[in-house]
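The values are calculated or read from the model by the stated rules, or taken from the named source; none is laboratory data. Predicted model only: the values in this text are computed from it and were never measured. Because the Cβ atoms are built from the backbone with ideal geometry, glycine has one as well, and the counts that use them run over all protein chains shown. Protein only, heavy atoms only, side chains kept; ligands, DNA and RNA dropped before computing areas. Shrake-Rupley method; radii C 1.70, N 1.55, O 1.52, S 1.80 Å.
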Amino acid sequence: MITVPFDRSMTRPSPASHPEPPARLRICESSLETVSRPEHAAYTFTLSVIAIITFLPPAVLGVAQLAPGAEPMSSWTLPTLLVSCALLGAGLWWMVSASTITVRATVEDGVAVRTWRVVRTEIPWQAIESVRPGPTGGTMEVGPRWYGPGRIGYTGGSTSVVIRIHPLYRKAARQGSIGGDTVRRLAAEYVVSVPEPEAVASKLTALRARALDAA
């Protein structure tokens, strides 16, 4: 009788493989990609607001019905109010959860910023005057934002870069001398949420220099 050694390690099921989340920062020789998502503080604040707008109006309406001489409530009032609050809460949650800021830059195509899945801005290298690390903070700021005349933000995190558009390029684009409709709508500055802003600003500056040298 021959005894064959039994290796139990070979019968153990391998753990289920889970897809890795997309990298927050990917730097290659001729391209750069970043992903910035809203931080926990933004989600916590949004959940608090949703809870208030969902439960407070029905509670106030219920208390009002207990007052002496209150008119009877229509059978449609409460369901309509609940549905309206639910839709408003769902809209607020979508605004936050969809406020992921993605940046893709290549030597050939320039810089593209995208958020809310449909809002997109494309910036050619010739239009960029400078790129520098931006201010830190603003964990509650999510999605596209307007900071004042000529200053637009794409925010989804607490760290950012500031992309400044050359004034002469912007003036020529507005006069129709160069570019198309997309270029004519360029702002003077863009505050874009990115991870590791120093590294991103340095890489964007290097890509811009390569693109302008090759032009």
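Structural remarks
- Considering residues of the stretch 162-178 that are in a strand (DSSP E or B) and either in contact with a Lys or Arg (Cβ under 7 Å, 6 or more places away or on another chain) or open to solvent by 10 Å² or more (accessible area, probe 1.4 Å) (or both) only, the residue farthest from Gln126 (Cα to Cα): Val162
- Among the conditions (1) at negative phi; (2) among the small types (Gly, Ala, Ser); (3) touching a residue at least 60 places away in the same chain (Cβ under 8 Å), Gly110 misses just one, which is (1).
- The single condition among (1) β-branched (Val, Ile, Thr); (2) within 30 Å of Ala105 (Cα to Cα); (3) in contact with a helix residue (DSSP H, G or I) (Cβ under 6 Å, 6 or more places away or on another chain); (4) open to solvent by less than 50 Å² (accessible area, probe 1.4 Å) that Ile27 does not meet is (4).
- Checking each residue in the stretch 147-173 for being among the hydroxyl-bearing types (Ser, Thr, Tyr) and within 24 Å of Ser97 (Cα to Cα) picks out Tyr147, Tyr154, Thr155, Ser158, Thr159, Ser160.
- Among the residues of the stretch 99-126, those identified as open to solvent by less than 60 Å² (accessible area, probe 1.4 Å) and in contact with a Lys or Arg (Cβ under 6 Å, 6 or more places away or on another chain) are Thr100, Thr102, Val107, Ala112, Trp125.
- Among the residues making up the stretch 83-98, those that are open to solvent by 80 Å² or more (accessible area, probe 1.4 Å) and either more than 25 Å from the chain's Cα centre (by Cα) or free of Cβ contacts under 8 Å to residues at least 24 places away in the same chain (or both) are Val83, Leu87, Trp94.
- Breaking point among (1) open to solvent by less than 40 Å² (accessible area, probe 1.4 Å); (2) in a loop (DSSP other than H, G, I, E, B), for Tyr154: (2)
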